1. Residues that are within 20 Å of the chain's Cα centre (by Cα) and in a loop (DSSP other than H, G, I, E, B): does the stretch B:45-61 have at least one?
2. Could you check the stretch A:199-222 and list, in sequence order, the residues that are within 8 Å of another protein chain (Cβ to nearest Cβ) and among the hydroxyl-bearing types (Ser, Thr, Tyr)?
3. Any idea which residue in the stretch B:39-60 is farthest from the other protein chains (Cβ to nearest Cβ), counting only those that are under 16 Å from B:Met299 (Cβ atoms) and out of contact with any Leu (no Cβ under 6 Å at 6 or more places or on another chain)?
4. Give the number of residues within the stretch B:127-175 that are aromatic (Phe, Trp, Tyr) and within 30 Å of B:Lys321 (Cβ to Cβ).
5. Tally up the residues in the stretch B:90-116 that are closer than 18 Å to B:Ala71 by Cα, among the hydrophobic types (A, V, I, L, M, F, W, C) and more than 14 Å from chain A (Cβ to nearest Cβ), please.
6. Go through the stretch A:134-175 and count every residue that is over 21 Å from A:Thr76 (Cβ atoms), without any contact (Cβ under 8 Å) to a residue 60 or more places away in the chain and not polar (S, T, N, Q).
7. Do we have any residue at all in the stretch A:266-279 that's closer than 16 Å to A:Gly292 by Cβ and of a type outside the set (Val, Ile, Thr)?
8. Of the numbered conditions (1) in the same structural domain as B:Met331 (by TED's automatic domain parsing); (2) without any contact (Cβ under 8 Å) to a residue 24 or more places away in the chain, B:Gly252 satisfies every one except a single condition; which is it?
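The values are calculated or read from the model by the stated rules, or taken from the named source; none is laboratory data. Treat the numbers as computed from the prediction; the structure is a model and nothing was measured. Please note: Cβ atoms are built from the backbone with ideal geometry, for glycine as well, and neighbour counts cover all protein chains shown.
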Amino acid sequence: MRLVLVILGLVLIFPALPLGRWQAFTLDTAQFAFIATALALSWDLLARTGQLSLAQGAFFGLGAYAAGLSAGVLGTIPALLVGAGVAAASSLLLGAATLRLQGIYFAIATLAFSEVVRTLVLKAGFTGGATGLPVAPAFGGGWALGGYYLAAAVLILSVLTSLWVGHSRLSYAQAATRQGEATARVLGVPVVRVKLVSFLLSSALAGLAGGVYAMKALFLSPYDAFGLGRAVEALVIPIFGGLYTTLGPLLGGLLLVALETWLRLEIQDGYLVIYGLILILAILFMPRGLVGLFRPRAKPAQEEPRA
Amino acid sequence: MKRVLVGCLALLGLALAQTTVRVGVLLPLSGVSSVSGKAALNGIQLAADQVNAGGKVKLELITADDGTDPAKAVPALTKLMTVDKVDIVIGGLASGVTFALSGPVKQYKPLFLCIGAASSVVEGAFSDYPLFFHYHPWDYNNVTAAMDFFKYLYTQDARKIAILYEDGPFGSAGIKTYQEQLQKVGYTVQAEPFKTGSGNFTAILTRFKAYKPDILYWIGYDVDALPIATQVRQVALAPKLIYGAPPSWPVGFEKNPLSNDIVGMSAWLPSVSNPESRKFTSAYQKKYGELTEEYMAPMGYTIVMSLAKAIEAAGSADKDKIAEALAGVKMDTPFGPLAFKPSETGKTKYQGFGASIWFQFQYLEGTRRPVFPPSVATRPLRYPGRY
């Protein structure tokens, strides 16, 4: 918890740090790192119920497109809320139809949902289709640090939501659902409702992150916004950092983006090979992720780590 | 002693006369456009070597990978501008990434030499930026070049076209425009989408068989080329021409007899016989030990050679003076003559190449031969082809 607060404090004062000529570059990199981390935290919220979602890229894309389309009319903040709302509403529809599925069946259903949404956006005229959609910058481009603080705000909101869920009664219901749905039902846990609420929170945050991304990237194309790579990144980060925690995805996201950026600058050609090797080694030798290094292995009777 | 002194003075004079410029190169060296990005980088490095050996201009290249991803490209450009302190950037290969760069480019104001980004959406994004030089033709130039060929085929009694297009951005973006333009020429058109890399086209091709097309027009990726060439024969579609429009063709496709008579469009091939192309091809082979068929390699080469010419003319490393000189550059390139003028829509001020650099080639007896327009054709088009 203390480390989480220290990281959030650093996020807030980061633009004021004396980084010299590296400042603009690190601020740009940090914005994309915050967005990726927020997406990972959102994915972890649903993962706590034991559901493996591959639709996080779709919610991210829906949020990005909805915010991108409405930003010109509504302005930055209302457009971002529209993005989050569209993503949340679509998760309700998807969740109502698929959350009774488990394991690989649910994963396949979410993957199919992503493909359907991508194809619809590709074919629809008002989204710019295959040509793509130009998006206005946050606050009309008038505030230099506007994009940075938006990304920071989405990250902080994701962290706070993750902490809140981790310390609420919902976390017990999520853990029970993950450890055995049948048993949880017998214990009186409303399994489908727990999964649906987790899905709703998770998709709204993903949609919000997508909206902030759109206003930073300034251009959306269906393959970029709905790419499977984004969904995979959203699950790799919590696995690297530590599943079902707040600190894990937070630390994992910031470190992985920093590592990838550093490798790209230092090695350039072939940096992805090194990056991939590091990920494989981390998963092999740190099965509980980065947070596992800080904490002793929990005894079976103990609670699982939450923050 | 005297000779050493004279030599030192000569070197000092050369150094004083030499203009040194740091140039940022931002290309996709990873991600989906990395094949074109690496080819472009090879061409850029080859030209920089030649320019530096010439002694009048010294170019220091600082290379960065845009990852074919806005999330990587935007910080990479920021680093080039604020950490590496370059004033000139060569980049902008993929359209989506280039659009994302429009914000930071306008913020940091480099002289931006754009190597690709054919989408006219990008043209709009840079319309108010005075230091934007776009070398590659715009998408509407590409349509014009292809239509000239289809107009010619119409005079050869081709009437029906079946279009097979991949359902991603590459295949779908211009499909409506293509259909309308072909119908305007007088063709009847039937179009069907497919998923690139699926490998199975027999169902669509069998449907096309009832339509009896004169031309099978395929817009997709290199992985689709061989399955289409094979399955056209399997279903006995027997079009008079197969026309392909992938961003790059499969390596070694020309060695496969199934490629014979297939037609496509390119801006450059090693067999293009103008003197600049020959010079480039031989220098490329000497430096890298192999030939390239990627036209982004001579495009990168052309950009650096024109930049060096402009720096020499400006006699200064000042980006505004270089831009002014570049606007007046006229030179021969592997693609033909280069001179900047406003784009056809008038949205951007400095457009390098237009529809005229495109030509149609045909796979003939194990190699690609320019066949249209007649001004560049080295062999007559074989029409109808045998498939």
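1. Step one: list which residues in the stretch B:45-61 are within 20 Å of the chain's Cα centre (by Cα), which gives B:45-48.
Among the residues that remain, those that are also in a loop (DSSP other than H, G, I, E, B) are: none.
Within the stretch B:45-61 (the criterion being within 20 Å of the chain's Cα centre (by Cα) and in a loop (DSSP other than H, G, I, E, B)), the answer is no, since none of the residues qualifies.
2. Within the stretch A:199-222, A:Tyr213, A:Ser221 qualify.
3. Going through the qualifying residues, I end up with B:Gln50.
4. Of all residues in the stretch B:127-175, those aromatic (Phe, Trp, Tyr) come to B:129, B:132-133, B:135, B:138, B:140, B:149-150, B:152, B:154, B:165, B:170.
Retained after the next criterion (residues that are within 30 Å of B:Lys321 (Cβ to Cβ)): B:129, B:132-133, B:135, B:138.
Result for the stretch B:127-175: 5.
5. 1
6. The initial filter retains those residues of the stretch A:134-175 that are over 21 Å from A:Thr76 (Cβ atoms), namely A:159, A:162-175.
So of that shortlist, the ones also without any contact (Cβ under 8 Å) to a residue 60 or more places away in the chain come out as A:164, A:168-170, A:172-173.
Next, only the ones that are not polar (S, T, N, Q) stay: A:164, A:169-170, A:172-173.
So the answer is 5.
7. Yes: one or more hits.
8. Going through the list (1) in the same structural domain as B:Met331 (by TED's automatic domain parsing); (2) without any contact (Cβ under 8 Å) to a residue 24 or more places away in the chain, B:Gly252 breaks only (1).
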